[in-house]
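Participant: Quick one: the structure is below, questions incoming.
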Amino acid sequence: MKKGRRRICTLERQIAKIKQEIGRIGDLRRGSLSEQYNICGTPICKCKASPPKKHGPYYQLSFTRNGRSSTQFVSRKNVKKVKMQVKNYARLRKLLEKWAEFGTELSDLKLTVEDE
Ligand SMILES: [Zn+2]
């Protein structure tokens, strides 16, 4: 079963690569960032003009932690960083999914090859 062993090698290489990539991921956080525009309480303000010029954008992070959903204000100076952190988490999840997929195939193959 030469073909199976070759595939095992390929999968092991791919998994090793995924582990390396995961090790290089920087700061991360759960959640999604949204942009918001608000209307204020001042009676005469540009946000109530026609057409209205609402205040903002304000950035808000929505996330779930310990089964509870929550939101957090993100200051404009931190938006770029938080965006990157959210992206890193998405990347981690994608890599884990790939690892699990390759890992399952690899485990199946190992069981088959070892049986022979
Ligand atoms: Zn206003």
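Participant: Over the Cα atoms of the stretch 3-116, how large are the radius of gyration and the largest Cα-Cα distance (Dmax), in Å?
Facilitator: Calculated on Cα positions, Rg and Dmax stand at 23.3, 82 Å.
Participant: Could you tell me how many degrees, from 0 to 90 and to the nearest 10, lie between the Cα long axis of helix 79-115 and the main elongation axis, the longest principal axis, of the Cα atoms of the chain?
Facilitator: Computed tilt is about 20 degrees.
Participant: May I pose another question? Quick one: order Cys40, Cys47, Cys9 from most to least accessible surface, probe 1.4 Å.
Facilitator: Heavy-atom accessible area, descending, gives Cys9, Cys40, Cys47.
Participant: Another question, if that's okay. Could you give the accessible area per residue of the stretch 1-77, probe 1.4 Å, as a whole number in Å²? Walk me through the intermediate numbers first.
Facilitator: Values: 6180 Å² over 77 residues.
Dividing the accessible area of the stretch 1-77 by its residue count gives 80 Å².
Participant: Pick from Tyr89, Tyr37, Tyr59: which residue has the top mean-square fluctuation in a GNM of the chain where Cα pairs under 10 Å get a spring?
Facilitator: Per the Cα network of the chain with a 10 Å cutoff, Tyr37 tops the list.
Participant: Do any trypsin sites (Lys or Arg not before Pro) in the stretch 1-72 lie in a loop, going by DSSP, with at most 12 other beta-carbon atoms within 10 Å of their beta carbon, and if so which?
Facilitator: Lys53
Participant: Run the accessible area of the chain with a 1.4 Å probe and give the carbon-and-sulfur part as a rounded percent.
Facilitator: Taking all protein chains in place, the chain shows 51 percent carbon and sulfur surface.
Participant: Let me ask you something else. Give the relative contact order (percent, whole number) for the chain; include only Cα pairs under 8 Å separated by 6+ residues. The partial results should precede the final answer.
Facilitator: Working: 117 pairs, mean separation 38.1, N = 116.
That works out to 33 percent.
Participant: While we're looking at this one, here's another question. I'd like the accessible area for Phe73, computed on protein heavy atoms only with a 1.4 Å probe and all protein chains in place. Round to 10 Å², please.
Facilitator: It works out to around 140 Å².
Participant: Give me the angle, in degrees from 0 to 90, between the Cα long axis of helix 2-24 and the longest principal axis of the Cα atoms of the chain, rounded to the nearest 10.
Facilitator: 30
Participant: Let me ask something else. Of Glu35, Glu101, which has the most accessible area with a 1.4 Å probe, and how do the rest follow in descending order?
Facilitator: On the way: Glu35 100, Glu101 125 Å².
So the residues, ranked largest to smallest area, are Glu101, Glu35.
The values are calculated or read from the model by the stated rules, or taken from the named source; none is laboratory data. All figures in this text were calculated on a predicted structure; none of them were measured in a lab. As a convention, Cβ positions derive from the backbone with ideal geometry for all residues, glycine included, and neighbour counts pool all protein chains shown. Quick note on the areas: whole protein, heavy atoms, side chains included, nothing else; ligands and nucleic acids left out. Shrake-Rupley method; radii C 1.70, N 1.55, O 1.52, S 1.80 Å.
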